[in-house]
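*Asks:* The structure is given below, and queries will be raised subsequently.
The values are calculated or read from the model by the stated rules, or taken from the named source; none is laboratory data. Every value quoted in this text rests on a predicted model; they were computed, and no experiment measured them. Every residue, glycine as well, gets a Cβ built from its backbone with ideal geometry; the counts of neighbours run over all protein chains shown.
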Amino acid sequence: MSFENLLIENLGAVRRITVNRPDKLNALNAQTLGELTRAFEQAGEDESVRVVILRGAGEKAFVAGADISELATVTPVQARDFARRGQHTMATIERLGKPVIAQIGGYALGGGMELALACHLRIASEKARLGQPEINLGVIPGFGGTQRLLRVTGRGVALELCLTGVQIDAARAYELNLVNRVVAPEELEAATLALAEQLAASAPEALRSTLDAVITGGEADLSTGLDYEAQAFSTCAATEDMREGTRAFLERRKAVFSGR
């Protein structure tokens, strides 16, 4: 499948997806949202892909937001449809069943921050800037920002970022649990790939079950979440990878997971 606004690379079991609109700071227009949805659906269906890295082209931006030239002319009905389309893209990423790492090398604002929040792990350059500045345009985050930000940082921080539209640096984002790691700009690509390769060496069903237990179980009450966890644990126990992992531990060697 060919894409106009994305670059797709396979690095062993890691697929790297790059939003390739550097002249627009990788802004999300309708076409790019559609391409991202298709690219992640494709990655989810490809058994050779175990981990996905998502990044933006160029040094200035991960994704600087939605494409304002499109947003400026929408009607209320079109705005709702655009928000739903963006929310569908974010949900496709979040529910992929494979770890997705956001490589944040610059601005991650508005829809770009919402895109990063939909990823499971986030590594940022020291030069990264994050924020939800939609209030300055007279709107609110529409791609899930109010909801995922609330769940990641808590109500107070979510309200501060959404009500003020302030941009924060990578160090502050780390303090607020918005990013998992902050590295020097020259180390960002290598650090992200190293983490992706570490995850790709793990058992795929264990990765998938962990994501499901945390994301789906975490939205339920504790008792329901624990039931979900127990079921996911039993699913892993039915795999050959579980046998390999326990044997390797007892034999004091590194496990080699086959994905079965």
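*Asks:* Right, VAL100: surrounded by fewer than 21 Cβ atoms within 10 Å (Cβ to Cβ) and either touching a residue at least 12 places away in the same chain (Cβ under 8 Å) or at negative phi (or both) or not?
*Replies:* no
*Asks:* Restricting attention to segment 39-63, which residues are within 18 Å of LEU195 (Cα to Cα) and either in contact with a Cys (Cβ under 8 Å, 6 or more places away or on another chain) or of a type in the set (S, T, N, Q) (or both)?
*Replies:* Matches in segment 39-63: SER48, LEU54.
*Asks:* So, one more: Please tell me if LEU149 is closer than 24 Å to ASN10 by Cβ, touching a Leu at 6+ places or on another chain (Cβ under 8 Å) and in a helix (DSSP H, G or I).
*Replies:* Judged against the criteria, LEU149 is not a match.
*Asks:* Picking from GLN78, GLN31, GLN87, which residue would you name as being within 15 Å of the chain's Cα centre (by Cα) and of a type in the set (S, T, N, Q)?
*Replies:* Selected residue: GLN87, the only one of GLN78, GLN31, GLN87 that is within 15 Å of the chain's Cα centre (by Cα) and of a type in the set (S, T, N, Q).
*Asks:* Moving on. In segment 153-176, is there at least one residue being under 30 Å from GLU45 (Cβ atoms) and within 16 Å of the chain's Cα centre (by Cα)?
*Replies:* The answer is no; no qualifying residue exists.
*Asks:* Among the listed residues LEU7, LEU71, which satisfies the condition of being of a type outside the set (Asp, Glu) and at pLDDT below 95? Walk me through how you get there before you give the answer.
*Replies:* Working: LEU7 fails: at pLDDT below 95.
Within the list LEU7, LEU71, the selection yields LEU71.
*Asks:* Going through ARG155, ARG122, ARG129 one at a time, which residue ends up being without any contact (Cβ under 8 Å) to a residue 60 or more places away in the chain, over 24 Å from ARG21 (Cα atoms) and of a type in the set (Lys, Arg)? Let's see the steps before the verdict.
*Replies:* Details: ARG122 fails: over 24 Å from ARG21 (Cα atoms); ARG129 fails: over 24 Å from ARG21 (Cα atoms).
Testing whether each residue is without any contact (Cβ under 8 Å) to a residue 60 or more places away in the chain, over 24 Å from ARG21 (Cα atoms) and of a type in the set (Lys, Arg) leaves just ARG155.
*Asks:* Now, a different point. Given the criterion of a type outside the set (S, T, N, Q), out of contact with any Cys (no Cβ under 9 Å at 6 or more places or on another chain) and surrounded by fewer than 16 Cβ atoms within 10 Å (Cβ to Cβ), identify the matching residue among ALA128, ALA171.
*Replies:* Within the list ALA128, ALA171, the selection yields ALA171.
*Asks:* If you don't mind, there's one more thing I want to ask. Could you tell me how many of the residues in segment 182-208 are touching a residue at least 60 places away in the same chain (Cβ under 8 Å) and within 17 Å of the chain's Cα centre (by Cα)?
*Replies:* Result for segment 182-208: 12.
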